[in-house]
Amino acid sequence: MVIPIHDINPLKRRPVMTWLLIAVNVLVFVLFTPVSTAVMGLHRGTSPNVCEQRRFFEEWGAIPKELMADKQLPVADTGRIGLNPDGTTGCEVSSPPPFHKNPVLSVLTSMFLHGSWVHLLGNMLFLGVFGNNVEDRMGRLRFLFFYVACGFVAAYGFSFAQPDSRNTLIGASGAIAGVLGAYLVVFPRARVIGVVPILFFIPFWLPAWLVLGFWFVLQYLYFAGIGVSSGGAVAYGAHVVGFVFGALVALPFVRRLRAAGPDPRRHAPRSRWVRGTRWGPDR
């Protein structure tokens, strides 16, 4: 997979809303999210921190079964370690739940939760690289509304596909996938510098349609169960739904969105290496 680190796409104004969204996501993770021992966001074993984090995510994350029924589940984690019916140690649950939850609002709060630093930094990298240009063309308030709408559609789309799932959905991935979809439609030929881990992180330039198109194909294949274990904890379906929704919303306004930004021909990169790539207004 290509990891994008920068794009050559001029801005007309500062992406304040993108920066604000990144800041809020980081602050929520650092200041409020209980951190447990994890590898790539996947927990091993049982500990007080794991139980506390599970309760936190159940309270503030989105659960497909709750979204489809518009009703909170009758059982939830307490955040403490207890004994299971078979005598083993596990996270204690209680009925009724120790907290009140609004399923619709949980979609909004879930967009600002992340399970690990890898999860957080990966999402913020994509938002920082591609969100600024989408915000620049849409305007700050429209971009914020679009971002939240993508997150809601992604969460409910995933829930519709798996209505009985009790797994907690957390992360900004669905909303960011919508931003990626809009970017692909509006700037398909924008130059993106990226790295590939298997190529020793050597940077190289690729068109946005290739980087984001390949990303979308991977998400779809993983969602279809190709190349990923059945125990995977990533909601790839939400990525697919968010991406498609973002692209469809931006598609009717492509010309208007492109015209809202600076002329790329007047902001050509100074580097000879970058100037040697294809660069034109019909991105």
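Per 10 Å bin from zero, what fraction in whole % of the C-alpha pairs of segment 98-146 is there, up to the bin with the longest pair?
21, 38, 33, 8, 1
To the nearest 0.05, how large is the calculated FRET efficiency for residue 259 and residue 189 if R₀ is 22 Å and r is the Cβ-Cβ distance?
Computed FRET efficiency for residue 259 and residue 189 comes out at 0.85.
Using the Kirkwood formula over every pair of different C-alpha atoms, what hydrodynamic radius in Å results for segment 121-178?
12.2 Å
Hey, could you grab the Kirkwood Rh for segment 44-154? Inverse mean 1/r over distinct alpha carbon pairs, Å, one decimal. Walk me through the numbers before you get to the answer.
On the way: mean 1/r = 0.0619 Å⁻¹.
Hydrodynamic radius (Kirkwood, Cα pairs) of segment 44-154 is 16.2 Å.
Considering the alpha-carbon set of segment 129-219 alone, what are its Rg and its Dmax in angstrom?
Looking at segment 129-219, its Cα Rg and Dmax stand at 15.1, 43 Å.
Cross-link candidates for residue 101: which lysines have Cα within less than 17 Å, leaving aside residues fewer than 8 places away along the same chain?
Partners within reach: 65, 71.
Dividing the alpha-carbon Rg of segment 102-257 by 2.2 N^0.38 Å yields what?
1.02
Using modelled amide H (1.01 Å from N, peptide plane; none on Pro or chain starts), what sits under 5 Å from the amide H of residue 11, excluding residues fewer than 5 places away?
The list, which skips near neighbours in sequence, is empty: none.
Tell me, what is the FRET efficiency for residue 202 and residue 84 to the nearest 0.05, using R0 = 45 angstrom and their Cβ-Cβ distance as r? Please list the in-between numbers first.
Numbers: r = 49 Å, r/R0 = 1.10.
Result of the calculation: an efficiency of 0.35.
Any idea which of 173, 124, 185 is furthest toward the positive side of the dipole for segment 54-191, if Lys and Arg beta-carbons carry +1 and Asp and Glu beta-carbons -1?
185
Using modelled backbone amide H atoms (1.01 Å from N, in-plane), which distant-in-sequence or interchain residues come within less than 5 Å of residue 169's amide H?
62, 63
How much length would be gained if the chain were fully extended between residue 220 and residue 71, taking 0.36 nm per residue of separation minus their Cα-Cα distance, in nm to one decimal?
Length gained, residue 220 through residue 71: 50.7 nm.
Read-outs throughout are calculated quantities, based only on the coordinates presented, and are distinct from any laboratory measurement. Just so you know, these numbers come straight off a predicted model, no measurement behind them. Glycine gets a Cβ as well: all are built from the backbone with ideal geometry, and neighbour counts include every protein chain shown.
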